[in-house]
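Bear in mind these aren't lab numbers, they're just calculated from the coordinates by the rules spelled out. Just so we're clear, the structure is a prediction, and the values are computed from it rather than from any experiment. Positions of Cβ are generated from backbone atoms using ideal geometry, with glycine treated the same way; all protein chains shown enter the neighbour counts.
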Amino acid sequence: MASTETTEKAAPGRADDLAGLEAGLDALDAVEVRRTPVREVLVKKVLPPAVAVGLVLLVWQVLVSAKVTTEDKLPSPGSVWAGLQDMWLQGTLIDVVWTSVSRGLSGFLLALAIGTPLGLLVARVKFVRAAIGPILSGLQSLPSVAWVPPAVIWLGLNDSMMYAVILLGAVPSIANGLVAGVDQIPPLFLRAGRTLGATGLKGTWHVVLPAALPGYLAGLKQGWAFSWRSLMAAEIIASSPDLGLGLGQLLENGRNNIDMPGVFLAIFLILVVGIAIDLLIFSPLERWVLRSRGLLVK
């Protein structure tokens, strides 16, 4: 009789505990998603880099004003800005930037089409990994500039040579990034996919690639960095009027003409393109991946 009364008294307490647990789980699931106000975006995203750039320009101008070296070695920000204005007024600025950007993006997309299946093959086939894995790691550590001389000899001074250098620099990074992402997939995911019938290409598309996406995205970012650096090296070393004027050629022309404002302008434009690609393409992709996994919560 006493045990029955004890059970009846404890039952309401267990019900309250279960209700509290359910409420807590509902709170975890109900992630509040709100649109970030423009003012908050400006303060958190735009203001810090703007302040950093302003400080760099201030230090630069102070060094020029203090005459720590001659202006033919360290030009003033004003002279670099004047060179930028001249290129804009002459209508050559957009053409120079687009020549390099179009080559870089085209080469990167081609590297993506080659590196992705190669990475999957290396990650999923043990014999291929044993045979090709060390070679990919070695190619990734090889400076891209080393491929420019043989590419010029093999293909000549043309766009094909540029794309070959980009591919040799970017494909290993993309493939290795995907291999790293596949290696980090929990085995339970793969077993669950096979249980549900996701095998072969279907398993690769619906299980392997989504689960490996963080590592794959890191490989893509590194692949783009290698693509851009490889292209700049190729344009600097293998400059030719037949190739058109890109940012690398602009930098090399500044060196040949002992035009330090032109050299600094080319460096500035190369840096701006790299930052713009990261902010416009890879940062939104990273936020989407984090948000889809519940890791980017306000």
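Quick notes on this one:
- With a simple spin-label model that places each label point 7 Å from the Cα along the Cα-to-Cβ direction, the separation between Arg293 and Trp88 comes to 4.1 nm.
- Globularity index of the stretch 107-157 is 1.37 (Cα radius of gyration / 2.2 N^0.38 Å, N = number of residues).
- Pairwise centroid distance, computed over Cα atoms, of the stretch 111-143 with the stretch 254-298, Å: 27 Å
- Each pair of Cα atoms in the stretch 77-292 enters the Kirkwood radius, and Stokes-Einstein at 20 °C and 1.002 mPa s then converts it into a translational diffusion coefficient of 114 µm²/s.
- Taking the inverse of the mean reciprocal distance over all distinct Cα pairs, the Kirkwood hydrodynamic radius of the stretch 30-189 comes to 20.7 Å.
- Extension reserve of the Trp81-Leu245 stretch, reckoned as 0.36 nm per residue once the Cα distance is removed: 57.1 nm
- Packing, as the average of other Cβ atoms within 10 Å across residues, places the peptides 219-228, 88-97 in the order 219-228, 88-97, highest first.
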